[in-house]
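Take a look at the structure set out below.
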Number of protein chains: 2
Amino acid sequence: MNQKQLQSEQTKKKIAVAARALFVQKGYKATSIEDIVGATGSSKGNIYYHFKSKEGLFLYLIEEWDHEWELNWEQSVHLYRTTTEKLYAVAEQLAADDLNHPLTKAADEFFHNEEKTSEVESRMAEMNVKHLAFNQKLLQEGIESGEFKPGDAERLAVVLEAIFFGANHLSRSLGPDMTTMLYRDAVTVFLNGIAEE
Amino acid sequence: MNQKQLQSEQTKKKIAVAARALFVQKGYKATSIEDIVGATGSSKGNIYYHFKSKEGLFLYLIEEWDHEWELNWEQSVHLYRTTTEKLYAVAEQLAADDLNHPLTKAADEFFHNEEKTSEVESRMAEMNVKHLAFNQKLLQEGIESGEFKPGDAERLAVVLEAIFFGANHLSRSLGPDMTTMLYRDAVTVFLNGIAEE
DNA sequence: ATCTATACCGAACGTCCAGTCAGTATTGTA
DNA sequence: TACAATACTGACTGGACGTTCGGTATAGAT
């Protein structure tokens, strides 16, 4: 890797970092390429040299983030013994993400906007599948270990995803404490339900 | 009510109906005022005569819809005896809404877009509060009747809202059968949890 | 018949913004 | 040094779109 490539990589990262900050502050649509130009000192053309499009840039950030999340998780799984503990840990981590990583806000603004390239759409679908698979694996594990009632892990995975997605959304109008509480409550309900025996 | 007022009211309704259809088809942002002009035969100016803004028009549709939902619910509550039955009924109705009333799609595209008037924002908050109150009341009822475990109805209401919201979102990439199933599963999990005793 | 308020029209305006491109600068290579 | 590839610039394009506003038509009141 010679100096030119290095420089290039740094520039790309610089753009990514600035863009992330702006998307976090102002949301996806409200952040214009010009804003990013202003924040980086890089030119418009250069941004388009490093990233295919605004969508592409944003997707890059999302995937980067998703990847980091996975790494964090893999590093900390071993801390938890039972699947129940793991579930709570996931909730904890997601709650922290909502709080510390407000890219989520811009993210689902983005995910809801109508105008998507088919490429973007397919990459989004991939991510979705990955999440469901993650949930399913966790649930299956719990079922096999006898912690959870026997059930269709695939269907439950969807329910769990819905819960997390919804919690993520509602956390926007909640304070930090409430957010943490919501995620915990949600997992508790998921595990124990609310019906009297 | 004289002829003029009547005509006026009809026009407003005509605009609302056409706009709804377009929002459903194309989403919020992708539907332009010109599209609505094209679909109604009414002029741009006339639309702005009847509605304050595009946002205002959309909000009008949402509130109309919310109101109808409430009416439907009030008409059918008496069919259900236990709170459990009611919860499933709510889920059923919401699932049907997702399927039949795809304004939901445009709705949360709208709800996620950054640029909102403070008035719109407060009206959205109102609706949110109303939903939570609805959930809370239902849960409280179930707790008092002994159907549900004693618990903090307010916090559970938030969890329930999160579940419904998430289910609504995930239903987009699911077929009709899966959607119904998801809602049912979600309520079942909410009631019974998945943990082994 | 005259007046007035309401309903309606649609061209024009101003703004915003993603993306392009012809050209320049810098670094690596032969 | 000459050539090429890569990195970068920023003025410009082209089009979308919400909103306004001067003006017209119509129905009811006086």
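Being surrounded by 15 or more Cβ atoms within 10 Å (Cβ to Cβ) and over 15 Å from the mean Cα position of the chain (by Cα), is that true of even one residue in segment A:92-111?
no
Return the residues of segment B:1-33 that are away from chain A (no Cβ under 14 Å), more than 8 Å from DNA strand C (Cβ to nearest atom) and within 26 Å of the chain's Cα centre (by Cα); say none if nothing qualifies.
Restricting attention to segment B:1-33, the residues satisfying the condition of being away from chain A (no Cβ under 14 Å) are B:1-21, B:33.
Going one step further and asking which of them are more than 8 Å from DNA strand C (Cβ to nearest atom), we end up with B:1-3, B:6, B:13-21, B:33.
Once the filter is applied, which keeps residues that are away from chain A (no Cβ under 14 Å), more than 8 Å from DNA strand C (Cβ to nearest atom) and within 26 Å of the chain's Cα centre (by Cα), segment B:1-33 yields B:13, B:14, B:15, B:16, B:17, B:18, B:19, B:20, B:21, B:33.
Being closer than 30 Å to residue A:8 by Cα and of a type in the set (A, V, I, L, M, F, W, C) is the filter here, so list the residues in segment A:49-108 that pass it.
Of everything in segment A:49-108, those that are closer than 30 Å to residue A:8 by Cα and of a type in the set (A, V, I, L, M, F, W, C) turn out to be A:51, A:57, A:58, A:59, A:61, A:62, A:65, A:69, A:71, A:103, A:106, A:107.
Please find, within segment A:39-59, the residue that is surrounded by the fewest Cβ atoms within 10 Å (Cβ to Cβ) out of those that are within 11 Å of DNA strand D (Cβ to nearest atom) and outside any loop (DSSP other than H, G, I, E, B).
A:45
Return the residues of segment B:172-197 that are among the small types (Gly, Ala, Ser), open to solvent by 10 Å² or more (accessible area, probe 1.4 Å) and assigned to a helix (DSSP H, G or I); say none if nothing qualifies.
The one that is among the small types (Gly, Ala, Ser), open to solvent by 10 Å² or more (accessible area, probe 1.4 Å) and assigned to a helix (DSSP H, G or I): B:173.
What are the residue pairs meeting all of these: first residue in segment A:179-190, first residue within 8 Å of chain B (Cβ to nearest Cβ), second residue in a helix (DSSP H, G or I) and among the polar types (S, T, N, Q), Cβ atoms under 8 Å, and 6 or more apart or on different chains?
Qualifying pairs under 8 Å: A:182/A:171.
The values are calculated or read from the model by the stated rules, or taken from the named source; none is laboratory data. This one's a predicted model, so the numbers in the text were calculated from it and none came from an experiment. FYI the Cβ positions are ideal-geometry reconstructions off the backbone, even for glycines, and counts take in every protein chain you see. Just the protein is used for accessible areas: all its heavy atoms, side chains included, with ligands, DNA and RNA removed. Shrake-Rupley method; radii C 1.70, N 1.55, O 1.52, S 1.80 Å.
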